[in-house]
Amino acid sequence: MKNFTAILSAATLLAGAAMAQDAVIGAELYARHCATCHGEEAQGGGPLAPALLLQPPDLTKLTERHGGTLPVARIVMRIDGRDPLVSHGSPMPVYGEFFEGTDVILKAETGQPVLTSQPVADLLEYLRGLQKE
């Protein structure tokens, strides 16, 4: 049983390494799926923002607004639709099916695992890099 646990742990680490978060892909996904509402610089005020009931927040200040900790679980669940935001008549994001999936394990700010898709993991890594000090 001890060997099985060691093998399982090693396989989990290798799988995580193979599916590392990629900020470059995240930037491409952001430009394609998010900038229309959140703006090219992720500071809110994208071209569709005036049509929304709730204005998109400044995504460069997520860490600042949450006491110095990036709210990983909330970001993941907001993007993949588990924590829907209905600011434009449908859940955010309107293309949520693209972001569905549980093939990547991320570590939430609480230390707990969060299952999500590779595109969400990549977007999260991009957003992490945008945070202002």
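The values are calculated or read from the model by the stated rules, or taken from the named source; none is laboratory data. As the structure is a prediction and not an experimental result, all values here were calculated from the model. Note: ideal-geometry Cβ built from the backbone for every residue, glycine included; neighbour counts use all protein chains shown.
Just one of the listed residues (Ala42, Ala23, Ala27) is touching a residue at least 12 places away in the same chain (Cβ under 8 Å), in contact with a helix residue (DSSP H, G or I) (Cβ under 7 Å, 6 or more places away or on another chain), on the phi > 0 side of the Ramachandran plot and of a type outside the set (S, T, N, Q), namely Ala42. Which condition number does Asp80 fail, the rest of (1) more than 20 Å from Ala20 (Cβ to Cβ); (2) surrounded by 15 or more Cβ atoms within 10 Å (Cβ to Cβ); (3) of a type in the set (D, E, K, R); (4) at pLDDT below 90 being met? Failing condition for Asp80: (1).
Would you mind stating whether Thr69 is touching a residue at least 40 places away in the same chain (Cβ under 8 Å), closer than 20 Å to Arg128 by Cα, assigned to a loop (DSSP other than H, G, I, E, B) and under 16 Å from the mean Cα position of the chain (by Cα)? Talk me through it step by step, then tell me what you get.
On the way: touching a residue at least 40 places away in the same chain (Cβ under 8 Å): yes; closer than 20 Å to Arg128 by Cα: yes; assigned to a loop (DSSP other than H, G, I, E, B): yes; under 16 Å from the mean Cα position of the chain (by Cα): yes.
Taking the combined requirement at face value, the residue satisfies it.
When the criteria are applied in full, Thr36 meets the requirement of being β-branched (Val, Ile, Thr), in a helix (DSSP H, G or I) and either in contact with a strand residue (DSSP E or B) (Cβ under 6 Å, 6 or more places away or on another chain) or at pLDDT 55 or above (or both). For Gly26, the test of being loosely packed, with under 11 Cβ neighbours inside 10 Å, among the small types (Gly, Ala, Ser) and modelled with pLDDT of 90 or more is failed.
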